[in-house]
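Taking it in order: structure first as structure tokens, then the write-up.
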Amino acid sequence: QAILPQLPAGFPMPILLVQHMPKTFTAVFAQRLDEICQIRVKEAQDGDRLLPGHAYLAPGGHQMILDPASKDRVKVFPSDERVTYKPSVDVTFASVAKGYSSRTLAVVLTGMGSDGCEGARLLKRAGATVWAQSKNSCTIFGMPKAVIVAGLADSVLELADIGQLFKQRGQR
């Protein structure tokens, strides 16, 4: 809610969002974001085509990846019982590392645990840029801390600065 409303309707890239939320909340959350943003925000559905200026929120209880058969689409599927987070940042990041590699900017924001750290490692190996939210601006510093401690963050940023920097990145 602090970052996405800063992006213009003509933002030139698609955005994948992974939020640790149950299924009952993700559709409502996506709708709320869509109402306050200039970009389009929706709960992702299997087969959605990635479009510039659109954000796709992984549905709770499911995983969202880039479709290996068509990198401009997402696959959404029920999560395996062995995966702790449903959706999982690591699962999404791993698929993006295979599909978009160095053209990717990954942002790890406040959250419990270390989800996103292993995916960030794969992204970094593929040449992606990784940003992490600063401790001072986090509600829960777990996820960004794991990325920072692992030496995977290219930048550690205040939440208030991420939206403008993201917007500037899209203008390049």
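Identify all residues within the range 38-60 that are within 16 Å of the chain's Cα centre (by Cα), outside any strand (DSSP E or B) and either under 13 Å from Leu4 (Cα atoms) or at pLDDT below 95 (or both); write none if there are none.
Of everything in the range 38-60, those that are within 16 Å of the chain's Cα centre (by Cα), outside any strand (DSSP E or B) and either under 13 Å from Leu4 (Cα atoms) or at pLDDT below 95 (or both) turn out to be Ile39, Gly53.
Cβ-Cβ distance below 9 Å, separation of 6 or more or different chains: which pairs start in the range 133-155 with a residue that is farther than 17 Å from Glu118 by Cα and end on one that is assigned to a loop (DSSP other than H, G, I, E, B) and among the β-branched types (Val, Ile, Thr)?
Ser137/Thr110; Cys138/Thr110; Thr139/Thr110; Ile140/Thr110
Report, by residue number, each residue of the range 67-82 that is at pLDDT 90 or above and either open to solvent by 40 Å² or more (accessible area, probe 1.4 Å) or under 26 Å from Ala2 (Cβ atoms) (or both).
Pro68, Ala69, Asp72, Arg73, Val74, Lys75, Val76, Phe77, Pro78
Within the range 10-37, can you find the residues that are more than 25 Å from Asp115 (Cα to Cα), in contact with a helix residue (DSSP H, G or I) (Cβ under 9 Å, 6 or more places away or on another chain) and outside any loop (DSSP other than H, G, I, E, B)?
Ile36
Name the residue, out of Ser101, Ser95, Ser88, that is on the phi > 0 side of the Ramachandran plot and either open to solvent by less than 20 Å² (accessible area, probe 1.4 Å) or at pLDDT below 95 (or both).
The unique qualifying residue is Ser101.
Let's see how each residue does on (1) loosely packed, with under 15 Cβ neighbours inside 10 Å; (2) in contact (Cβ under 8 Å) with a residue 60 or more places away in the chain:
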site	(1), (2)
Gln1	yes, no
Phe11	no, yes
Phe29	no, no
Glu35	yes, no
Leu51	yes, no
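Can we say Leu7 is of a type outside the set (S, T, N, Q), touching a Leu at 6+ places or on another chain (Cβ under 6 Å), surrounded by 19 or more Cβ atoms within 10 Å (Cβ to Cβ) and in contact (Cβ under 8 Å) with a residue 40 or more places away in the chain?
Spelling it out, it is not the case that Leu7 is of a type outside the set (S, T, N, Q), touching a Leu at 6+ places or on another chain (Cβ under 6 Å), surrounded by 19 or more Cβ atoms within 10 Å (Cβ to Cβ) and in contact (Cβ under 8 Å) with a residue 40 or more places away in the chain.
Considering every residue within the range 122-132, establish whether at least one is of a type in the set (Val, Ile, Thr), open to solvent by less than 40 Å² (accessible area, probe 1.4 Å) and within 21 Å of Leu51 (Cα to Cα).
Yes, there is a match, as at least one residue in the range 122-132 is of a type in the set (Val, Ile, Thr), open to solvent by less than 40 Å² (accessible area, probe 1.4 Å) and within 21 Å of Leu51 (Cα to Cα).
The values are calculated or read from the model by the stated rules, or taken from the named source; none is laboratory data. Fair warning: this is a prediction, and the values are worked out from it, not measured in the lab. Methodologically, a virtual Cβ is constructed for each residue, glycine included, from the backbone with ideal geometry; neighbour enumeration extends over all protein chains shown. Each accessible area value is taken on the protein alone, full model and side chains, heavy atoms only, with ligands, DNA and RNA left out. Shrake-Rupley method; radii C 1.70, N 1.55, O 1.52, S 1.80 Å.
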